[in-house]
Amino acid sequence: MTDDPVPSCRRWMAHYLTGIAFAALLIGIWGGSWNQAPTLGPALIIGIGTVVAPFLLMQPGMGAGIAASRTTHPTSARIQSLIAHGVFGLGLYASGWAIKLLHWV
């Protein structure tokens, strides 16, 4: 049995919209000056900081406990979450440079 594509699409849309909101938070905190000269630190702070959402909201909401504490391999789940959110931070940094190089700001 497969997932209904409409609810699955809504979940992905919510995920991407949340990512966009966190990207806006980066600009909201560090301002437009970050757009002019993107640096890795703020992007990683936001990226890795977003891991709080799955640790405290999504995983407990799905029965996995806080920070995947009720899973069979919580340390592995935590590391995978940190890596994924770190990659998001790298993506924010790369996007900042792409925007700057394309003169979109």
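Values in this text are rule-based calculations from the coordinates and carry no lab data. All values derive from a computational prediction rather than experimental measurement. As a convention, Cβ positions derive from the backbone with ideal geometry for all residues, glycine included, and neighbour counts pool all protein chains shown.
The figures follow:
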| item | result |
| --- | --- |
| Span from the the stretch 2-43 Cα centroid across to the the stretch 57-86 one, whole angstrom | 20 |
| For peptides 40-50, 9-19, 78-88, sequence by mean Cβ density within 10 Å, most packed first | 40-50, 78-88, 9-19 |
| The chain: angle of helix 5-30 to the longest principal axis, Cα-based, in degrees nearest 10 | 40 |
| Relative contact order [Cα under 8 Å, 6+ residues apart], the chain, whole percent | 31 |
| Mean shadow area of the chain, taken as a quarter of the surface of its Cα convex hull (nm²) | 8.1 |
| Using alpha-carbon coordinates, inclination of helix 40-49 to the longest axis of the chain, degrees | 20 |
| 0 to 90° range, to nearest 10: angle between helix 74-101 axis and the chain longest Cα axis | 20 |
